[in-house]
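The values are calculated or read from the model by the stated rules, or taken from the named source; none is laboratory data. Owing to the predicted nature of the structure, the values given are computational and were not obtained by experimental measurement. No Cβ is skipped: glycine too gets one built from the backbone with ideal geometry, and neighbour counts run over all protein chains shown.
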Amino acid sequence: MARRNDDSGTISPTRRAVLVLLAGVPLALLPACVDRALWTYWLAFVLLDLVVLGADLIFGPRLGRIEAAYEGPERLFVGEAQTVRLLLTNRDNRVTLRAKVDVSGGLDAIDATERLRLDGGRTALRLSLRAGRRGISRLDALWVRACGPLGLIARSRRIPLATRLHVDPNFLGAGRDAIEYFSTNNIEPGVRVERYRGDGSEFDHLQEYAPGFDIRTIDWKASARHAKLFAREYRAERNRQVILAIDSGRLMGEPLEGIARLDHAIRAALILAYVSLHVGDRVGLISFDETLRHYCAPVRGPSSIGALNAVASRIEYSAHETNYTLSLLELARRHVRRTLVVVMTDFVDTITAELMVENLSRVARRHSVLFVSMKDPLVEVEESSRPADLLGLHRTVVASRLLQEREKVLARLRRQGIHCISAAPGEISARLIDEYLKLKRAEAF
């Protein structure tokens, strides 16, 4: 929808005008310093400046008839840079201007300032938008600024846009990354994982026995029928169950590399869901903070990814502390069958992680638990840096202490039989899929 504002905006001198005035003042004062009767030269200089500035203002461009209309998608994906357009229409003569967009709601306009020339028609202003949080973001206004022919006076106008954009989890990026993983890791694109012959518990086919085969795989009935030895070949069992448990508590709302930890977790979870559904497993999803917030029962088949996307879209940033006791007990109550529970959460130190470790250990008695947390690369950089002053030394000591506390918690979880992944946000997805396939091959769930 086009937006128009008929006011002429604000008028201000440019940097060039200020420099010209500052350079001219000493020259204008010089005659008066020689003889007081020459003060009229100073008056003439002031009048000349006013005439020049007035002429630049009068013959400068008019911005009151510029209109702007948003042209682009109404939905953006968190963390994904997307290009949109603003169509500018000028009903007056040609004008060269600079344009800048005001945004809000966690939206970042990359290279938002651009120089344009409007020739009395329509011109497209291309913007690259990147959303750092899910929810509602806005394009508030377009600022345009143009200078007069001498470059001394500038006019500025604010053109309201009031465009609302919905920011969703990065479904597109998750699907793209999963397909890329399919194409580079012995997985047929979009279809299935190779069947892991030789591993697993599900019967695949019979083959003639050869030296080196496990003697326990010999099928004696088939061997008796054919009068020679035959062995059973196995493959990894399908139709297993995976539950993605995403913590949406206060700590997960903190930004990491410009995006909330929660959104990093949702993206990695959707990538794993995409792979698991194509492999043939059933995938469910829950989110929790002080209690269980959202639940999607396990679904099957690639077409079911939409149901998981819908639940992920409704996960909100929470200001509540995470209650692992209530949430994980409810999860265990709903799922009796042995399941791979992927818990995506975070912690600060051993004290705050005490209840988390205790409840995860309880879940691990019945289910296979995969614990996923995200490292902050800046902490590792700070820990390995060489401090230049006392403040830098304090920062290095604190970073080292945090990393040590983190390793203590992870070591304790591993001793309880819990599989752990701790990596930077950019590495989480690949590590998560690799660990999932490893556990699947080992029939760990």
Looking at N90, N5, which is the one that is surrounded by 12 or more Cβ atoms within 10 Å (Cβ to Cβ), at pLDDT below 75 and of a type outside the set (K, R)? N5
Selected residue (only one of A222, A236 is modelled with pLDDT of 65 or more and either surrounded by fewer than 15 Cβ atoms within 10 Å (Cβ to Cβ) or of a type in the set (A, V, I, L, M) (or both)): A222
The stretch 345-372 - residue that is over 14 Å from L413 (Cβ atoms) and of a type in the set (A, V, I, L, M, F, W, C) and, of those, surrounded by the most Cβ atoms within 10 Å (Cβ to Cβ): V348
Looking only at the stretch 399-431, and only at residues there that are polar (S, T, N, Q) and within 20 Å of A268 (Cα to Cα), the one that is nearest to the chain's Cα centre (by Cα): S429
With respect to A332, determine if the residue is part of a loop (DSSP other than H, G, I, E, B) and out of contact with any Ser or Thr (no Cβ under 6 Å at 6 or more places or on another chain). no
Given the condition of a type in the set (G, A, S) and more than 16 Å from the chain's Cα centre (by Cα), answer yes or no: does some residue in the stretch 232-242 qualify? yes
Consider L328 against the criteria (1) surrounded by 15 or more Cβ atoms within 10 Å (Cβ to Cβ); (2) over 18 Å from F288 (Cα atoms); (3) modelled with pLDDT under 90: it satisfies all of them except one. Which criterion is unmet? (2)
When the residues of the stretch 279-302 are narrowed to those that are surrounded by fewer than 18 Cβ atoms within 10 Å (Cβ to Cβ) and among the hydroxyl-bearing types (S, T, Y), which ends up modelled with the lowest pLDDT? T291
Given (1) modelled with pLDDT under 75; (2) surrounded by fewer than 13 Cβ atoms within 10 Å (Cβ to Cβ), where does A227 come up short, assuming only one miss? (1)
Being more than 16 Å from L251 (Cβ to Cβ) and either free of Cβ contacts under 8 Å to residues at least 12 places away in the same chain or in contact with a strand residue (DSSP E or B) (Cβ under 8 Å, 6 or more places away or on another chain) (or both) is the filter here; which residues of the stretch 311-335 pass it? V311, A312, S313, R314, L326, L328, E330, L331, R333, R334, H335
Could you tell me which of the residues R138, R122, R117 is surrounded by fewer than 21 Cβ atoms within 10 Å (Cβ to Cβ), within 27 Å of the chain's Cα centre (by Cα) and at pLDDT 70 or above? R138
Would you check which residues across the stretch 353-398 are of a type in the set (A, V, I, L, M), farther than 15 Å from Y324 by Cβ and under 28 Å from the mean Cα position of the chain (by Cα) and list them? L370, M374, L378, V379, V381, V398
